[in-house]
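The structure under discussion appears below in the form of structure tokens.
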Amino acid sequence: MTIRICLLALAAGIATVFAASAEAVTLTVATVNNGDMIRMQRLAADFTRRYPDIELRWVTLEENLLRQRVTIDVATQGGQYDVVTVGNYEVPIWAQHDWLVPLDDLGSDFARDDLLPAIDDSLSYDGKLYAAPFYAESALTMYRTDLFEQAGLTMPESPSWELIREAAEKITDRDQGIYGICLRGKAGWGENMAFVSTLAHSWGARWFDMQWRPQLQSQAWQEAVSFYVDLLRNYGPPGASTNGFNENLALFQAGKCGIWIDASVAASFVSDPRQSKVSNDVSFALFPSRGATQNHGNWLWAWSFVIPAASENIAAAKTFVEWATGKSYMQLVASESGWADAPPGTRQSLYASSEYQQAAPFAGIVLRAIEAANARSPSVQQVPYVGGNFVSIAPYQGIGTVVGQQISAAVAGQISAERALIAAQKVATREMTRARYIDAHLDRHID
């Protein structure tokens, strides 16, 4: 009898081991290679301690490559990834095609009612939330106060593009390795075109008229792109046409840029003395505007986690997404790295926190920029689309990439800004015709 009991106990133990093994899950998480995401991977030991039956496998990619691979996999229902990092461009388009799992049932720590309304709206489709924001951003003007003081310049909270050009010229000192301005030049719809699209909107341009006809050869586009190209050629760093967010961040932190206009998430990185040589000489202003319109281009972006519908591990994926985007994760970052490093731009409670306000002097202007962004009306002209730093329609990913390549070539001096926009107009017209946004008879205008 004793032997029988022992054998039964052993069998039960073996069954338990096999059951536990069967329940163990490996989640493949595809994410972008920026600072906040790298920090999350370092802190993921907290997740595995809480959920020992879920193993995380990270696929960390450069922004353009991530978009390419993730888009192909999600659109073809490949199931290669369980959680992917995307922005508010993809979310409503993919949700409309039933490529994503709704996230309305995340737990209490996620606290959807704490999200900033603009962010919640941008990640929803037909009333349902399809993405959980990790961090969100608008765009800011970051500048060196010491260089401005030396040049006798004052930066207002809401600068004009004319002032930016004047300041870039006065600050540039190539002998000392200081460039007046750093801007994205690296080709990609989410790289240089995130900036150029916002710039063009602030100039009064629009991508399409109300009949979806491309407007890339309009006077506003020509003036905006010529201005941008001249800025980088005259006052930007060498190789500006290959610089994206990460490259310009490194240049600014090293003291090589007098002005950098980019995503507001960079504020914590350039202000951190552990990372930035110029942390004591940095201040912030809004994204520039032109004339009396005060249109700041309406950049609004949220790097967010979605779960592809083809994932075989949806329950575990939701557990990870709630951990990575919940209120407790912000507390974890604060305890490990300081409140200034908490993922910004997503939660009302963060900006109401006195601890965050004290640790992050840039908090107020970042919140103002996010709340002022109007992605539903990005230009002073009427537009048929949503989006400021992108256009939320499926063909834009391809159009924006090719247009970005043309404009990057202009920055590199390979073609003129005018020729870049002529080519861009042809490509945009062709693709919008193929996608049946505009009448096919317009094909005759394309070489």
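The values are calculated or read from the model by the stated rules, or taken from the named source; none is laboratory data. All values reported here derive from a predicted model rather than from experimental measurement. Cβ atoms come from the backbone with ideal geometry, glycine included; neighbour counts cover every protein chain shown.
Only one of (1) in contact (Cβ under 8 Å) with a residue 40 or more places away in the chain; (2) in a loop (DSSP other than H, G, I, E, B) fails for PRO102. Which number is that? That leaves (1) as the condition not met. Taken together, the criteria exclude MET155 from residues that are assigned by TED's automatic domain parsing to the domain that holds PHE227, under 23 Å from the mean Cα position of the chain (by Cα) and farther than 15 Å from ASN234 by Cα.
Matching residues to (1) within 18 Å of the chain's Cα centre (by Cα); (2) assigned by TED's automatic domain parsing to the domain that holds PRO159; (3) not in a loop (DSSP other than H, G, I, E, B):
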| residue | (1), (2), (3) |
| --- | --- |
| ALA317 | no, no, yes |
| TYR356 | no, no, yes |
| SER377 | no, yes, no |
| VAL383 | no, yes, no |
| GLN397 | yes, yes, yes |
| GLN425 | no, yes, yes |
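Selection over region 325-346 of residues that are surrounded by fewer than 24 Cβ atoms within 10 Å (Cβ to Cβ) and touching a helix residue (DSSP H, G or I) at 6+ places or on another chain (Cβ under 8 Å) gives a count of 13. The selection criterion, being touching a residue at least 24 places away in the same chain (Cβ under 8 Å) and buried (at least 20 other Cβ atoms within 10 Å of the Cβ), holds for LEU300.
A quick yes/no check of all residues on (1) hydrophobic (A, V, I, L, M, F, W, C); (2) within 30 Å of ARG430 (Cβ to Cβ); (3) surrounded by 21 or more Cβ atoms within 10 Å (Cβ to Cβ); (4) under 21 Å from the mean Cα position of the chain (by Cα):
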{"residue": "LEU199", "(1), (2), (3), (4)": "yes, yes, yes, yes"}
{"residue": "SER218", "(1), (2), (3), (4)": "no, yes, no, no"}
{"residue": "GLU223", "(1), (2), (3), (4)": "no, yes, no, no"}
{"residue": "SER226", "(1), (2), (3), (4)": "no, yes, no, no"}
{"residue": "VAL229", "(1), (2), (3), (4)": "yes, yes, yes, no"}
{"residue": "GLY244", "(1), (2), (3), (4)": "no, yes, yes, yes"}
{"residue": "ALA266", "(1), (2), (3), (4)": "yes, no, yes, yes"}
{"residue": "ASP272", "(1), (2), (3), (4)": "no, no, no, yes"}
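Candidates are the residues of region 319-354 that are in a helix (DSSP H, G or I) and among the β-branched types (Val, Ile, Thr); the one that is nearest to ARG42 (Cα to Cα) is VAL333. Test ASP109 against the criterion of being touching a Phe, Trp or Tyr at 6+ places or on another chain (Cβ under 9 Å) and not in a helix (DSSP H, G or I), and give yes or no. Yes; evaluated as a whole, the condition is true for this residue. Would you be able to say whether some residue in region 158-174 is in a loop (DSSP other than H, G, I, E, B), hydroxyl-bearing (Ser, Thr, Tyr), farther than 20 Å from ASN246 by Cβ and touching a Leu at 6+ places or on another chain (Cβ under 9 Å)? Yes, the conditions are met somewhere in region 158-174. The residues of region 117-128 that are out of contact with any helix residue (DSSP H, G or I) (no Cβ under 6 Å at 6 or more places or on another chain) and closer than 18 Å to GLY387 by Cα, listed by number, are PRO117, ALA118, ILE119, ASP120, ASP121, SER122, SER124, ASP126. Taking region 260-280 as the range and being farther than 17 Å from TRP301 by Cα, outside any strand (DSSP E or B) and not polar (S, T, N, Q) as the test, the residues that pass are PHE269, VAL270, ASP272, PRO273, ARG274, LYS277, VAL278. Residue pairs whose Cβ atoms lie under 6 Å apart, sitting 6 or more positions apart in sequence or on different chains, and linking a residue in region 376-404 that is on the phi > 0 side of the Ramachandran plot to a partner that is in a loop (DSSP other than H, G, I, E, B), are GLY387/ALA375.
From the residues in region 22-49 that are outside any strand (DSSP E or B) and among the aliphatic types (A, V, I, L, M), which one is surrounded by the most Cβ atoms within 10 Å (Cβ to Cβ)? Once the filter is applied, the top-ranked residue is MET40.
If you filter region 102-147 down to residues that are more than 25 Å from ASN298 (Cα to Cα) and of a type in the set (D, E, K, R), you find that the one that is surrounded by the most Cβ atoms within 10 Å (Cβ to Cβ) is ASP146.
For THR433, the conditions (1) within 24 Å of ASN298 (Cα to Cα); (2) polar (S, T, N, Q); (3) buried (at least 19 other Cβ atoms within 10 Å of the Cβ) all hold with the exception of (1).
Counting only residues that are in contact with a Leu (Cβ under 8 Å, 6 or more places away or on another chain) and at pLDDT 95 or above, region 93-105 holds 3 of them.
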